[in-house]
Amino acid sequence: MDIVDPRAEGYMRGLLDRHDHPVLLEMEDMGAELGFPIVGRTVGVLLELLARSVGARRVLELGSGFGYSAYWFARAVGSAGEVHCTDGDPRNAVKAEDFLGRADLWSRVTFHVGDALEGLTALPGEFDVIYDDIDKDGYPAAWLAARDRIRVGGLYLCDNVLWSGRAFGVNIDDDYDRTTGEAVAEHNRLITGDERYVSNIVPTRDGVMVALRIA
């Protein structure tokens, strides 16, 4: 199902043309050509906006692909900031270095090849933002691993938290839909039930969870 009417999504996307950059357009074209699930322009700008709103200087991505979301976070943290990417495919690290290098953002990025949660465990300290975009069945574990690693005043962000309706029992065609839908739903319940965070779902594209740590 379409979470947002495609006409509204198209209108919102059309308002963001000022962000056009040759590298960004190339990344978007690659995502479309390969059928690779990048977050897209409307969510990308939202990620930058949210990271800037909390003055983020240290960001961790759980699941980075070839660096599309990192592009937006790297813009947000500034030249003195750091964005830690994680992905299990070393080919994505090569692509990310190429794209972000040509966008003059690579100096802010460290790309860790391997399991995302192992990458989180290996890194010391707290983060201003942790962004989750791993396989959907891993969402609850990602939240449990991330929730204590975010500073007070920082953000936990997660994409696809409506999961084309699967999170609330729509579009269930097979066991994969059922199990991933249940995992996303449990992830959302855990977050909204945690009183240390104020959270809500921004229903653009496929739903973005925004959780602000307050205690």
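Quick grid of which residues meet (1) buried (at least 16 other Cβ atoms within 10 Å of the Cβ); (2) modelled with pLDDT of 95 or more:
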site	(1), (2)
L34	no, no
P37	no, no
L47	yes, yes
A80	no, yes
K95	yes, yes
L117	yes, yes
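Here's a check for you: in region 140-157, which residue that is of a type outside the set (K, R) and touching a Gly at 6+ places or on another chain (Cβ under 9 Å) is surrounded by the most Cβ atoms within 10 Å (Cβ to Cβ)?
Restricting attention to region 140-157, the residues satisfying the condition of being of a type outside the set (K, R) are 140-146, 148, 150, 152-157.
Remaining after also requiring touching a Gly at 6+ places or on another chain (Cβ under 9 Å): 142, 153.
Working: A142: 23, G153: 11.
Top of the filtered list is A142.
Among the listed residues G78, G125, which satisfies the condition of being touching a residue at least 60 places away in the same chain (Cβ under 8 Å) and more than 17 Å from the chain's Cα centre (by Cα)?
Numbers: G78 fails: touching a residue at least 60 places away in the same chain (Cβ under 8 Å).
Exactly one residue qualifies, and that residue is G125.
Could you list, in sequence order, the residues of region 176-197 that are of a type in the set (D, E) and either in a loop (DSSP other than H, G, I, E, B) or at pLDDT 95 or above (or both)?
E182, E186, D194, E195
The values are calculated or read from the model by the stated rules, or taken from the named source; none is laboratory data. Fair warning: this is a prediction, and the values are worked out from it, not measured in the lab. Neighbour counts are summed over all protein chains in view; Cβ atoms, including those assigned to glycine, are modelled from backbone coordinates with ideal geometry.
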